[in-house]
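First comes the structure, then the notes that go with it.
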Amino acid sequence: ERMLGWFHIIHFFLYYLIVITVFRDWRDWRNLFIVSIAAAALVCLNSLFRIPYSTVGNTAYVSGYAIFNFYFALILFFKSREEKSSAGWLISSLYLIAALTMFSVLGVTHTRGAYVGLGVSFLLLFTLYILYSHSKKLKIYSLAAIASGIILVSLVFIYPQSGLAKIPILNTVTQISFKGVTFQTRLISWKTAVKDFPSQPILGTGYGNFAVTFDKYFDPKFYSYTPTETYFDRAHNNLVDIASTGGLVSLLAYLFIFMAAGYYLVKGKKQNKIFVNEFILLVCLFTAYFIQNLAVFDSLVTYIPLMLALGYVYWLF
């Protein structure tokens with residue numbers, strides 16, 4: 001569930017190489033996304049109707065997994081709308097239902113990092129549609145969606161006791177606070193990483209060794225916030241975790257992956273290799289993933305779809 005070391009990383013890299021080698025046309029990618037979405041739908045339904053952390057073991061991982069497949073479902077939805085077939089409307093409806101299932105699970109997992117990441121990606125999505133869409137009607141709808149979202153969230157914060165704030169997804173929004181216990185314990189772990197960083201800035205302490213750093217600079221205030229929680233074996237911030245355990249070498253390598261993906265998305269868009277819908281959805285997907293990882297860390301179920309997303313960018317370009 002939590003283990004990520006060199007053994008895992010090298011296998012995910014090989015998995016990425018296999019994906020970009022084997023999947024050569026749209027039909028291949030469509031089938032791969034369908035399998036990914038179907039598996040995610042089962043995980044999310046189990047989370048909705050049985051137990052919040054489903055078969056994954058942690059609600060934060062369920063949220064991250066759902067975000068990837070939410071955007072995969074939207075990619076298939078827009079692609080199916082472009083295909084002219086008699087069953088096109090039915091297939092499009094199934095993709096949309098799958099996307100709504102992924103979105104609904106966030107109301108059960110209550111993962112604030114995922115909410116912030118997805119919220120920012122929605123804001124970016126409508127902003128990009130305003131900038132790139134040639135449809136005046138779509139620009140108006142996007143502007144209305146941004147305005148409605150801002151008003152809705154503002155009302156929830158202003159009137160936290162209202163019936164509006166009792167809606168599961170909106171209720172979690174009201175719990176986002178810098179004074180919250182979860183944020184304070186994470187802040188303590190981030191401070192320990194900052195204190196230890198100068199001692200091993202290039203290569204870090206080694207993957208999986210954040211507990212060494214946390215113990216070395218342990219702050220007793222941690223138990224003022226949560227007397228029953230175990231110590232942190234992860235920094236609960238992917239960038240801090242990588243910088244602490246892998247040093248600057250690993251952090252820069254990680255960041256360059258997304259810089260490269262962004263470069264090829266923009267270049268592909270300019271060269272008309274990547275259509276507007278795919279460009280916008282992939283940019284928003286990487287944005288949501290990156291932001292939600294500022295409050296958690298990667299796991300098996302987020303690395304699998306991450307390799308798919310990166311492989312899809314490669315294929316599109």
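With everything on Cα atoms, drop me the angle between helix 136-158 and the longest principal axis of the chain, reported from 0 to 90° to the nearest 10. Around 30 degrees separate the two axes.
Let me know the whole percent of all Cα-Cα pairs from segment 192-317 that are separated by more than 27 Å. Let's see the in-between values first.
Working: 2571 of 7875 pairs.
That fraction is 33 percent.
For the chain, take the longest principal axis of its alpha carbons; what is the angle in degrees between that and the long axis of helix 181-196, to the nearest 10 within 0 to 90? For helix 181-196, the angle is close to 70 degrees. For chymotrypsin sites (Phe, Trp or Tyr not before Pro), the sites in segment 228-315 that DSSP calls loop and that have at most 13 other Cβ atoms within 10 Å are Tyr231. Measure out, as a whole number of angstrom, how far apart the alpha-carbon centroids of segment 232-267 and segment 93-142 sit. Between the Cα centres of segment 232-267 and segment 93-142 lies a distance of 25 Å.
What net charge is computed for the residues neighbouring Tyr312, neighbours being all others with C-beta under 13 Å from the C-beta of Tyr312, Lys and Arg scored +1, Asp and Glu -1?
Net of charged neighbours comes to +1.
Got a number for carbon plus sulfur as a percent of segment 21-173's accessible area, 1.4 Å probe? Before the final figure, lay out the partial values.
Working: 5720 of 8260 Å².
In segment 21-173, the share of accessible area belonging to carbon and sulfur is 69 percent.
For the residue pairs Lys179/Lys269; Lys136/Lys270; Lys136/Lys267; Lys137/Lys179; Lys166/Lys191, the C-alpha atoms sit more than 30 angstrom apart in Lys179/Lys269; Lys137/Lys179; Lys166/Lys191. One entry in (1) 51, 21, 19; (2) 36, 22, 18; (3) 33, 26, 19 is semi-axes √(5λ) of the Cα gyration tensor in Å calculated from the shown coordinates; its label is (3). The C-alpha atoms of the chain define a longest principal axis, and helix 276-292 lies at about 20 degrees to it.
Solvent-accessible surface of the chain, taken per residue with a 1.4 Å probe and all protein chains present: 52 Å². Take the chain, mark every one of the trypsin sites (Lys or Arg not before Pro) that falls in a DSSP loop and has at most 16 other Cβ within 10 Å, then report the longest stretch left between them, sites excluded. Longest stretch, sites excluded: 85-178.
The values are calculated or read from the model by the stated rules, or taken from the named source; none is laboratory data. This one's a predicted model, so the numbers in the text were calculated from it and none came from an experiment. Because the Cβ atoms are built from the backbone with ideal geometry, glycine has one as well, and the counts that use them run over all protein chains shown. Accessible surface is based on the protein model in full, side chains and every heavy atom, while ligands, DNA and RNA are left aside. Shrake-Rupley method; radii C 1.70, N 1.55, O 1.52, S 1.80 Å.
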